[in-house]
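Student: Supplied in structure tokens, the structure appears directly below.
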Amino acid sequence: MVDETVTLPQPPAEVAESPFILLCNEWIRYTSEAFMARQQQQQQQQTDSKSNPGAAADGTTDGRPVAAGAGEGSSSSSSPSSLSSADVDGVMVALEEMGFMLGGKIVERLTASRSRLQDEKDIVKFICKDLWNYLFHKQADRLQTNRRGGYVIQDNTLRWLRHMPPMPDTAPPHKRPMAPVSVICGIIRGALTHLGLSASVSASVAEPPCCSFSIKIPS
Amino acid sequence: MSRQHYLKAGEVAFSKMDKVSAELLALTYGSLVTQLLKDKEEIESVNVQLEKMGYNIGIRLVDEFLAKSGIGPCQDFRDTAEVIAKVALKMFLNVTADVTGWNSDLTACTLVLHDNPLNEFVELPASMAGLKYGELICGVIRGGLEQVHMRVSCTFVKDVLKGDDTSEIALEFKEILKEEFVDEDE
């Protein structure tokens, strides 16, 4: 007779959520500040090379193209209140990339013991159910599709936004609700990419903690 | 208060917390460390950055600890070390530690971690020998204690990731801070 007492795999151990959220915030802050520092450095080099043409060679050794519009004579941009929207966008792109990296790893763990998802719809459902559950202990509240590769995932109580105080538009980028949301966009895109779909993911935060993510999968 | 009492308090405090999968924390932390290693040229500055991030986390986390742990003021530094090992680590990371190796003045000890959720999936290549992977935890302890006016030094002295039998954090009491102190981070 077969022994029925098969040991089930242990459920993954849990830790408290607050250190995790704080860790994410620290990472967001680091990424955001590192981006701004690079930006300022480039600007500095550009102004140096303008005022002192002899230094031009030094200013470009970095090899990075200076973002368009970022360095156009705005010497006052060292104060956070005068951030150009290009700077903020740049920070959000950096945060999205950070999420992308994480999203791939998460899905690798989540799909380790299941068969390959084939259908586009199944993959998006997987995002709404499994990935959402893993990140937020709940499923997404709503999924809509236009049947042409466009999906909208809506969540009315995004956990990571729960504790964020309302912030004015002049707040440093890492304190805006868009910061964690950009990371989540990256996580979703990373997850989709890992599952074989290249897509673009954008989000809008109408009223935190309510948030919607739109996924566009080019056919 | 007794060790048993603290163990129980840690269990109770953890049960009251919102939870997240330990794996997610480990993956997130791993990605962070990876990014830092890419950004920074020297491994030592990665250690410094991790400790600094931990410090920032610690000064916020201590509020939640004081509010939810139900632990009153500590009698002495020995008491403090036990509270960290049995209550704080349990409440936030769901692990406990043993406090050993007290010096004769009772100002320095070693926390022996039974497990470290940050270490999951991690293997350190030989080229990373200088990396203190879990240094964030040390920063958290330092930041947290500084908020209750206690300056300590805290660092990993043994790490299973580097082939040691156990993970050990050296904790040393430095001084009691006066009310007005300069926040070195802001």
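No value in this document is a laboratory result; all are computed from the given coordinates. Worth saying up front: this structure is predicted, and the values here are computed from it rather than measured. Ideal geometry is used to build each Cβ from the backbone, glycine not excepted, and the neighbour counts take in all protein chains shown.
Student: Per-residue Cβ counts within 10 Å, from other chains only, averaged over A:97-104: what number is that?
Tutor: Other-chain Cβ atoms within 10 Å of each residue's Cβ, averaged: 3.
Student: Would you kindly state how much longer the chain becomes between A:R38 and A:S198 on full extension, computed as 0.36 nm times their sequence separation minus their alpha carbon distance, in nm to one decimal?
Tutor: My answer for the length gained is 54.7 nm.
Student: Helix-derived [θ] at 222 nm for the protein assembly as shown: sum -39500 (n - 2.57) over DSSP H runs of at least 4, divide by residue count, nearest 500?
Tutor: So the helix-based figure for the protein assembly as shown works out to -14000 deg cm²/dmol.
Student: Let me ask you something else. Which shape class applies to the range A:96-147: rounded if a/c is under 1.5, otherwise prolate when a/b exceeds b/c and oblate if not, where a ≥ b ≥ c are the square roots of the Cα gyration tensor eigenvalues?
Tutor: In terms of gyration-tensor shape, rounded.
Student: Under 24 Å from the Cα of B:K132, which lysines turn up, not counting those fewer than eight places away in the same chain?
Tutor: A:K105, B:K38, B:K40, B:K52, B:K86, B:K90, B:K158, B:K162, B:K174
Student: Let me ask you something else. Give me, ordered by chain and number, the residues 5 or more places off B:S167 or on other chains with an amide H under 5 Å from its own placed amide H.
Tutor: HN-HN under 5 Å from B:S167: B:L113, B:V160.
Student: Another one. Tell me the relative contact order for chain B as a rounded percent, counting alpha carbon contacts under 8 Å between residues six or more apart. Let's see the in-between values first.
Tutor: On the way: 282 pairs, mean separation 48.0, N = 186.
Dividing the mean separation by the residue count of chain B yields 26 percent.
Student: Further, regarding this structure: Under 18 Å from a label point 7 Å along Cα→Cβ of B:Q4: give me every residue in the range B:68-86 with its amide N that close.
Tutor: B:83, B:86
Student: Return the FRET efficiency for the residue pair B:C74, A:V93: r is the Cβ-Cβ distance, R0 is 45 Å, and the value is rounded to the nearest 0.05.
Tutor: Here the calculated transfer efficiency is 0.45.
Student: Next question, about the same structure. In the protein assembly as shown, what is the volume of the convex hull around the alpha carbon atoms, normalised per residue and reported in Å³?
Tutor: Convex hull volume per residue, Cα atoms: 206 Å³.
Student: Which order do the peptides A:173-185, B:13-25, B:139-151 come out in when sorted by mean C-beta neighbours inside 10 angstrom, highest first?
Tutor: The packing order, highest mean first, is A:173-185, B:139-151, B:13-25.
Student: Hey, what do the phi angles of the range B:133-150 turn into as Karplus ³J(HN,Hα) couplings, whole Hz, using 6.51/-1.76/1.60 and θ = phi - 60°, x for Gly and Pro?
Tutor: Here the 3J(HN,Hα) series is 4, x, 3, 3, 4, 4, x, 4, 4, 5, x, x, 5, 5, 5, 9, 6, 10 Hz.
Student: Size of the dipole of the protein assembly as shown about the Cα centre, Lys and Arg at +1 and Asp and Glu at -1 on the beta carbon, nothing else charged, in debye to 20?
Tutor: 1420
Student: If you don't mind, another one. How big is the C-alpha Rg of chain B next to the rule-of-thumb value 2.2 N^0.38 Å, as a ratio?
Tutor: 1.00
Student: Sort out for me the Cα centre separation of the range B:1-27 from the range A:151-178, rounded to whole Å.
Tutor: 28
Student: Now for a separate question. Order of B:S69, A:S49 from fewest to most other C-beta atoms within 10 Å?
Tutor: Starting with the residue having the fewest Cβ neighbours, the order is A:S49, B:S69.
Student: Here is a follow-up. Give the average, rounded to an integer, of partner chain Cβ atoms located within 10 angstrom of each Cβ in B:12-24.
Tutor: Mean inter-chain Cβ contacts per residue within 10 Å come to 6.
Student: Can you pull the mean other chain C-beta count within 10 Å for peptide B:28-35?
Tutor: Details: counts 9, 4, 3, 10, 9, 0, 3, 9.
What the average comes to for B:28-35 is 6.
Student: For chain B, which cysteines have no disulfide-compatible partner, meaning no other cysteine Cβ under 4.7 Å?
Tutor: Isolated Cys, chain B: B:C74, B:C109.
Student: For the residue pair A:S113 and B:S127, what label-to-label distance in nm results when each label sits 7 Å from Cα along the Cα-to-beta-carbon direction?
Tutor: Between A:S113 and B:S127, the simple spin-label model gives 3.4 nm.
Student: Report the FRET efficiency, 1/(1 + (r/R0)^6), for B:I176 and A:K125, where r is their Cβ-Cβ distance and R0 is 60 Å, rounded to 0.05. Walk me through the intermediate numbers first.
Tutor: Details: r = 57 Å, r/R0 = 0.94.
My answer for the efficiency is 0.60.
Student: If you don't mind, there's one more thing I want to ask. Roughly how many nanometres apart are two label points built 7 Å out from the Cα toward the Cβ at A:N133 and B:I43?
Tutor: With each label point 7 Å from Cα toward Cβ, the separation is 4.0 nm.
Student: Just want the answer: with Cβ charges of +1 for Lys and Arg and -1 for Asp and Glu, which residue in A:I21, A:G190, B:V20 is farthest toward the dipole's positive end in the protein assembly as shown?
Tutor: Of A:I21, A:G190, B:V20, it is A:G190.
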